[in-house]
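The values are calculated or read from the model by the stated rules, or taken from the named source; none is laboratory data. This structure is a prediction, so every number in the text was calculated from the model and none was measured. In this analysis, Cβ positions are derived from the backbone assuming ideal geometry, glycine residues included, and neighbour counts consider all displayed protein chains. In case anyone asks, the SASA skips ligands and DNA or RNA and just uses the protein heavy atoms, side chains included. Shrake-Rupley method; radii C 1.70, N 1.55, O 1.52, S 1.80 Å.
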Amino acid sequence: MSQAILTLDGVTKTFGHGPSTVHATRSVSFSLHAGRALALVGESGSGKTTCARMAMREYQPTAGQILYKGKSIAEAGSSDITDYRRAVQMIFQDPFASLNPAHTIAYHLTRPLKLHRPEIKGGAIRAAVGDLLRQVQLDPDIVLGKYPHELSGGQRQRVNIARALATRPEVIVADEPTSMLDVSVRLGILNLLNKMKQEMKLALLYITHDIATARYIAEDIAVMYAGQIVEWGPTGRVIENPIHPYTRLLLSAVPDPQIRFDDPRARLRSREVENVRRGSGVPESEALEYEAGHFARKLAMEPG
Amino acid sequence: MNHPLLSVKNLTIDYIGDRKDFRAVDDVSFDIAPGEVFGLAGESGCGKSTIAFAISRLHKPPALIRRQSKILLNGRDVLDLTPQALAAFRWREVAMVFQSAMNSLNPVSRIGDQFHDVLMSHTTMTKAQARERAAEMLRLVDISPDRLRDYPHQFSGGMRQRIVIAICMALDPKLVIMDEPTTALDVVVQREILQRINDLRRTFGFSVLFITHDLGLMVQFCDRIGIMLAGRLVEENAAEAIFQTPGHDYTKKLWSSFPSLHGGALL
Ligand SMILES: Nc1ncnc2c1ncn2[C@@H]1O[C@H](COP(=O)(O)OP(=O)(O)OP(=O)(O)O)[C@@H](O)[C@H]1O
Ligand SMILES: Nc1ncnc2c1ncn2[C@@H]1O[C@H](COP(=O)(O)OP(=O)(O)OP(=O)(O)O)[C@@H](O)[C@H]1O
Ligand SMILES: [Mg+2]
Ligand SMILES: [Mg+2]
């Protein structure tokens with residue numbers, strides 16, 4: 001595989017101190033590659049957003065390092081940081097909160113162009129804004145002069161993607177980008193992200209609770225529990241052949257219209273669930289490769 | 001349906017605007033039987049939450065319920081309730097859990113006190129009885145009663161959501177309205193919560209109005225489902241039928257935009 005664009009290398013993040021310390025992530029490692037997507041899934045509160053925020057340089061890791069094209073960003077000079085800010089862009093969950101209600105769509109897209117693409121000047125800016133909107137399948141003539149509240153949720157999320165693309169990024173971090181959107185819009189956004197990934201050779205970190213969509217766009221998947229990645233590998237293999245008890249539990253709970261809750265097969269047994277949680281919550285540094293590229297952590301304590 | 005618990009008849013709701021009114025709910029009628037879980041699905045903005053708020057009598061201006069509309073609970077029109085009757089109606093008859101409910105707990109008040117506030121203001125329970133009831137409710141959602149003295153921030157999001165559900169159930173409501181109650185949670189916690197509610201309704205016989213974007217989840221949990229499109233109810237049927245033999249084109253379109261876990265990749 002090509003050199004990684006962005007790597008989290010043994011990154012730990014804790015919040016607070018003393019007995020109330022929260023271990024948001026424990027020695028998390030993964031790499032993002034051009035033209036590929038990594039899905040990050042797992043328990044609520046397992047540290048997925050914390051990983052995203054560290055990649056965006058909003059949080060400093062407590063331990064470990066973040067590498068951009070092989071170089072630690074902690075040691076980067078100011079011009080490297082400017083380049084990094086351009087290269088790594090984020091799309092948030094809430095398409096409503098992430099746009100400023102006081103500004104038009106034209107303003108939202110002109111600003112990153114002026115900041116990060118100084119080579120584009122004068123009338124070329126308007127043309128570039130139009131191109132960005134067309135890339136996300138919005139009609140510039142209709143949306144340029146509009147304010148965020150005049151667009152639907154799906155349209156707003158497209159504007160967010162266009163804004164992220166304005167800087168010519170190499171990495172896009174998308175934290176639950178479609179969870180506030182309904183199914184009919186969701187697929188359009190996923191197709192769009194997928195197309196960007198392929199055509200612009202973007203590296204994509206896709207955080208989601210919707211594992212079916214992870215399969216839809218991500219080549220690789222990592223499953224988090226209690227701050228650790230417990231299993232990772234090619235998405236299809238992890239879903240078809242889950243090894244770690246938490247991954248199995250997670251997959252067994254994915255909504256399935258074929259099995260109704262009254263069906264005994266749908267039943268999660270709370271004893272077993274508690275055992276999996278207890279076992280998976282213990283930090284475990286050792287992982288085994290079960291098949292090519294497919295790893296799972298050993299359980300410190302076998303569930304039983 | 002012989003004796004529905006809830007009967008919504010010709011419900012029409014407008015958001016009153018400066019220049020133009022917007023019809024968010026357009027002549028919607030459906031029934032929910034005692035003990036039944038009824039789902040409302042449909043795209044964002046189609047009017048699901050507007051209906052949920054109207055049934056709970058929590059709608060506020062600019063929402064205006066048009067005159068011919070009726071919302072009958074056990075035969076009594078919820079829309080005619082006086083303010084005093086309304087106070088008794090909330091929690092005891094109808095309780096509502098929102099998507100962001102886990103953030104609706106008071107951050108500076110212990111969980112036990114929050115139960116206490118609801119119980120004491122709606123019943124003549126003594127303090128000891130209220131404490132016993134709160135402990136019983138927490139056990140129902142798999143949280144140890146020892147934790148009644150804890151504050152909300154000491155619980156995970158999924159636990160907080162379960163606590164809100166426990167508070168909602170404390171007065172034995174006949175109808176529980178759940179508007180996207182688990183959207184922000186992982187699927188394990190989501191399943192635990194909904195499975196527990198499914199068990200509880202089998203035991204206690206309350207009805208549920210369940211709203212979600214996730215059609216797969218909806219079919220698993222609901223007995224019957226109504227599909228909404230732009231303020232109108234376009235299809236209503238048993239959950240299996242909505243899944244296996246969808247009638248309306250819009251329902252078919254909703255299903256076709258669902259990627260499946262064991263389906264192909266787009267890559
Ligand atoms: N700024 C902060 N201060 C203190 N604790 C925090 C902070 N940010 C996150 N945490 C804690 O770190 C842990 C990981 O949180 P994070 O938001 O990364 O989880 P997540 O996997 O994104 O969860 P979800 O799926 O619910 O979004 C949680 O226990 C959370 O409460
Ligand atoms: N206070 C308001 N003023 C004007 N219009 C409103 C107001 N609240 C909601 N609407 C409009 O009414 C329609 C129905 O909104 P509602 O919140 O009921 O939709 P929903 O089906 O719950 O959508 P979602 O799935 O996104 O939660 C939408 O088009 C919305 O824009
Ligand atoms: Mg998160
Ligand atoms: Mg709603």
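Annotations for the structure displayed:
- Scanning region B:172-213 for residues that are in a loop (DSSP other than H, G, I, E, B), within 15 Å of B:Gly35 (Cα to Cα) and either within 16 Å of ligand 2 (Cβ to nearest atom) or touching a Ser or Thr at 6+ places or on another chain (Cβ under 8 Å) (or both) gives a single hit, B:Lys174.
- Here A:Thr62 meets each of (1) under 20 Å from the mean Cα position of the chain (by Cα); (2) open to solvent by 50 Å² or more (accessible area, probe 1.4 Å); (3) more than 14 Å from every other protein chain (Cβ to nearest Cβ) with one exception, condition (1).
- Residues satisfying the stated conditions in region A:251-283, i.e. open to solvent by 40 Å² or more (accessible area, probe 1.4 Å), in contact (Cβ under 8 Å) with a residue 24 or more places away in the chain and assigned to a loop (DSSP other than H, G, I, E, B): A:Pro283
- Residue in region B:23-42 that is among the basic types (Lys, Arg), more than 14 Å from chain A (Cβ to nearest Cβ), without any contact (Cβ under 8 Å) to a residue 24 or more places away in the chain and over 28 Å from B:Asp199 (Cα atoms) present: no
- Being crowded, with 20+ Cβ neighbours inside 10 Å, in contact (Cβ under 8 Å) with a residue 40 or more places away in the chain and within 12 Å of another protein chain (Cβ to nearest Cβ) holds for only one residue in B:Val141, B:Val187, B:Val164, B:Val176, and it is B:Val141.
- When B:Asn74, B:Asn10 are checked against the criterion of being under 13 Å from B:Gly231 (Cα atoms) and open to solvent by 10 Å² or more (accessible area, probe 1.4 Å), a single residue qualifies: B:Asn10.
- Among the criteria (1) touching a His at 6+ places or on another chain (Cβ under 9 Å); (2) free of Cβ contacts under 8 Å to residues at least 40 places away in the same chain; (3) buried (at least 24 other Cβ atoms within 10 Å of the Cβ), the one A:Asp182 does not fulfil is (3).
- Which numbered condition A:Gly154 misses (of (1) within 19 Å of A:Met196 (Cβ to Cβ); (2) away from ligand 4 (no atom under 16 Å from the Cβ); (3) within 14 Å of chain B (Cβ to nearest Cβ); (4) touching a helix residue (DSSP H, G or I) at 6+ places or on another chain (Cβ under 8 Å)): (2)
- Residue under evaluation B:Lys60, criteria (1) within 16 Å of ligand 4 (Cβ to nearest atom); (2) loosely packed, with under 15 Cβ neighbours inside 10 Å; (3) within 14 Å of chain A (Cβ to nearest Cβ), criterion not met: (3)
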